[in-house]
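**Q** Mind having a look at this structure? Questions to follow.
The values are calculated or read from the model by the stated rules, or taken from the named source; none is laboratory data. Predicted, not measured: the structure shown is a model, and the values here were computed from it. No Cβ is skipped: glycine too gets one built from the backbone with ideal geometry, and neighbour counts run over all protein chains shown. For accessibility, only protein heavy atoms count, side chains too; no ligands or nucleic acids. Shrake-Rupley method; radii C 1.70, N 1.55, O 1.52, S 1.80 Å.
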Amino acid sequence: MGLFGNEDASRRTIPQFGKEIQFILTLNASLRCKLCLCYFGNRESNILSMEYLLLVSLFVIAFLYSSVGHGGGTGYLALLALFGVAPLFMKSTALTLNVFVSAIAFFAYYKAGYFRWKLILPFLVTSIPFSYFGALVPVSSSVYKIILGIFLLLAAARMVLNPKAFSEESKTVPFILAITIGAILGFFSGMIGIGGGIILSPLLIQMHWANVKESATASALFIFLNSLSGLFALVNKGFSMEPRIIAWIVVGIAGGIAGSYIGSSRLKPRQLKYLLASVLFLASIKLILL
């Protein structure tokens with residue numbers, strides 16, 4: 001007999017919570033596991049969706065830019081920044097994609113009969129070495145991007161609003177002026193990771209040194225050689241490639257083939273002019289905002 005009565009009866013009246021607590025803890029652990037699986041599953045699905053979106057966007061940029069004889073450097077830089085690619089890889093990635101896409105664009109326009117050595121050679125004499133040196137310069141390019149974006153915006157507006165900006169007749173390019181422009185474009189294009197053709201192309205048209213398709217061909221070769229020079233400088237300096245670069249190159253090549261075929265064979269010069277103006281406008285917005 002206990003102090004408060006029958007001990008057996010006392011034990012029977014005290015609640016036994018051991019099993020209930022163990023069940024609740026097990027249930028909570030199970031729920032936590034399910035929530036974790038759901039979270040990480042959704043996270044992996046979101047990452048995969050973003051990868052697909054990036055590839056589609058790369059294809060569109062390569063298609064649009066190659067159709068007007070460009071490599072797409074400004075578009076790639078904006079896209080990589082938008083998708084959070086590390087700045088360490090941005091310049092090398094843009095130059096690499098430029099090399100492949102611009103080579104395809106040049107081949108398409110060259111095969112269509114729009115190439116003139118006398119037009120592009122003076123620009124290349126200085127742009128190639130200066131692109132090499134520009135790629136070695138670790139300078140913040142934010143201010144330059146804004147200036148470049150404003151310039152491209154004005155060039156696009158002039159091409160659309162001024163009919164005289166479009167001409168099928170070509171004037172002779174002044175040699176001294178050409179090598180000076182080539183040096184400036186080469187240096188700054190190497191510094192920020194673009195081929196420079198997006199500046200050269202509207203310049204050739206507005207100065208009446210080339211028609212639209214001739215300027216596209218010249219710009220494609222200009223971008224290819226300058227991007228190759230800048231990439232070679234980065235290789236000598238020592239750099240790491242983005243792990244996903246192979247997939248990006250494949251998508252870029254596909255977009256470049258489709259775009260350069262449309263631009264060189266299917267579009268009329270005046271249609272190509274307005275497409276070029278649209279590309280310049282998009283590039284300017286990307287440079288200014290991103």
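**Q** Checking the a/c ratio against 1.5 first, then a/b against b/c, what shape does the Cα gyration tensor give for region 227-268?
**A** oblate
**Q** Considering only protein heavy atoms, what per residue accessible area in square angstrom results for region 159-290 with a 1.4 angstrom probe?
**A** 42 Å²
**Q** What are the extents of the Cα atoms of region 83-224 along their three principal axes, listed from largest to smallest and rounded to whole Å?
**A** 44, 31, 31
**Q** Measuring with a 1.4 Å probe in the full set of protein chains, what accessible area per residue, in whole Å², belongs to region 58-126?
**A** 37 Å²
**Q** Grab the beta carbon distance between Lys237 and Leu121, set R0 = 25 Å, and tell me the FRET efficiency rounded to 0.05.
**A** With R0 = 25 Å, the Cβ-Cβ based efficiency is 0.35.
**Q** Once you've got the Cα coordinates, tell me which of Lys145/Lys273; Lys145/Lys268; Lys171/Lys268 are over 26 Å apart.
**A** Values: Lys145/Lys273 23 Å; Lys145/Lys268 31 Å; Lys171/Lys268 21 Å.
Violating the 26 Å Cα-Cα cut-off are Lys145/Lys268.
**Q** Report, to the nearest whole %, how much of the accessible area of region 80-220 belongs to carbon and sulfur atoms, 1.4 Å probe, protein only.
**A** C and S atoms contribute 74 percent here.
**Q** Let me ask another. Separation of region 211-238 and region 53-92 by C-alpha centroid, Å?
**A** Taking the Cα centre of each part, region 211-238 and region 53-92 sit 15 Å apart.
**Q** Return the FRET efficiency for the residue pair Ile150, Leu48: r is the Cβ-Cβ distance, R0 is 51 Å, and the value is rounded to the nearest 0.05.
**A** 0.85
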